[in-house]
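Okay, so here's the structure we're looking at.
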Amino acid sequence: MRKKIIAGNWKMNKTRDEALQFVYAVSEKLPHIDEVDSVVCAPFPLLRTLCKRQGDNLRVGAQNMHYADSGAYTGEISADMLTTLGVTYVIIGHSERRAMFNETDETVNLKVKKAFEKGLIPILCVGETLEQREKGQEKQVVKAQLEKNLEGLNKNDIEHLVIAYEPIWAIGTGRTASAAQAEEMCAYVREVVKDLYGTAADKMRVQYGGSVKVDNIKEILSMPNIDGALVGGASLKADDFVKLVEAGVKK
Ligand code: PGA
């Protein structure tokens, strides 16, 4: 049985005071980490504040990192900078970064490898655009992303990897994929990874992301190949975040 992982992606939201209010509001209420993994992926300046107060049941993630160890990369953040703060996870290749910040399959691959090398767990995002879905190309697109993004990993990496299948047409649009559509694609993600890395893919966790809310998460998580959710907008409110995480507790 794969433990569910519910991760909030705050994107470019919250000041330090707002992050503190959030962490104080959720810390006593989150279910035990043996039951479900809960993560907030926050902007860089909030990571230290959150790591210091994350408590036993909450883990902290970043939303990006650079693939180099150090060097002349103005404005960038390295994996070591994250781990020394106590960060556990890092989102890699979110569609907003691919679309707006020149993230390519090659840089995503370098970042995933670097994250594992440094002891971070990558949450690798893949997913198709609306146009690609309308042309029936979603599987082809996701397969190509996975093949390039996961090149050169080992089986142990794959067992610890988290992949978020996020159809771009469902992100921030209120238009969630149906549970059946999400399951079909998450099962497909596992199948592709299985072809590449064998049974390690059975241990890997696959999240669905895209307009997940308190009122639709249960149905999504009831699907056999969906091991969690990556949640943007609905993860910003402390009460909702607690409810989203509670939905992931094993029955
Ligand atoms: P959303 O974002 O839940 O606001 O649709 C999801 C994401 O971008 O990870």
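The values are calculated or read from the model by the stated rules, or taken from the named source; none is laboratory data. Predicted, not measured: the structure shown is a model, and the values here were computed from it. All Cβ positions, glycine included, derive from the backbone under ideal geometry; neighbour counts span all protein chains shown. Just so you know, the surface numbers come from the protein's heavy atoms only, side chains and all, with ligands and any DNA or RNA stripped out. Shrake-Rupley method; radii C 1.70, N 1.55, O 1.52, S 1.80 Å.
Scanning segment 145-202 for residues that are within 16 Å of the ligand (Cβ to nearest atom) and of a type in the set (Lys, Arg) gives a single hit, 175.
There is at least one residue in segment 56-77 that is more than 22 Å from residue 116 (Cβ to Cβ), at pLDDT 95 or above, touching a Ser or Thr at 6+ places or on another chain (Cβ under 9 Å) and surrounded by fewer than 21 Cβ atoms within 10 Å (Cβ to Cβ). Scanning segment 212-233 for residues that are part of a helix (DSSP H, G or I), surrounded by 23 or more Cβ atoms within 10 Å (Cβ to Cβ) and within 8 Å of the ligand (Cβ to nearest atom) yields nothing.
Beta carbons closer than 6 Å, at least 6 apart along the sequence or on distinct chains, pair a first residue in segment 32-55 that is open to solvent by 20 Å² or more (accessible area, probe 1.4 Å) with a second that is part of a strand (DSSP E or B) and at pLDDT 95 or above for 54/60.
Only one entry of 96, 131, 166, 138 meets the criterion of being closer than 28 Å to residue 215 by Cα, of a type in the set (Asp, Glu) and touching a Ser or Thr at 6+ places or on another chain (Cβ under 8 Å), and that entry is 166. Only one of the listed residues (195, 202, 240) is farther than 29 Å from residue 12 by Cβ, touching a residue at least 12 places away in the same chain (Cβ under 8 Å) and open to solvent by 10 Å² or more (accessible area, probe 1.4 Å). That residue is 202.
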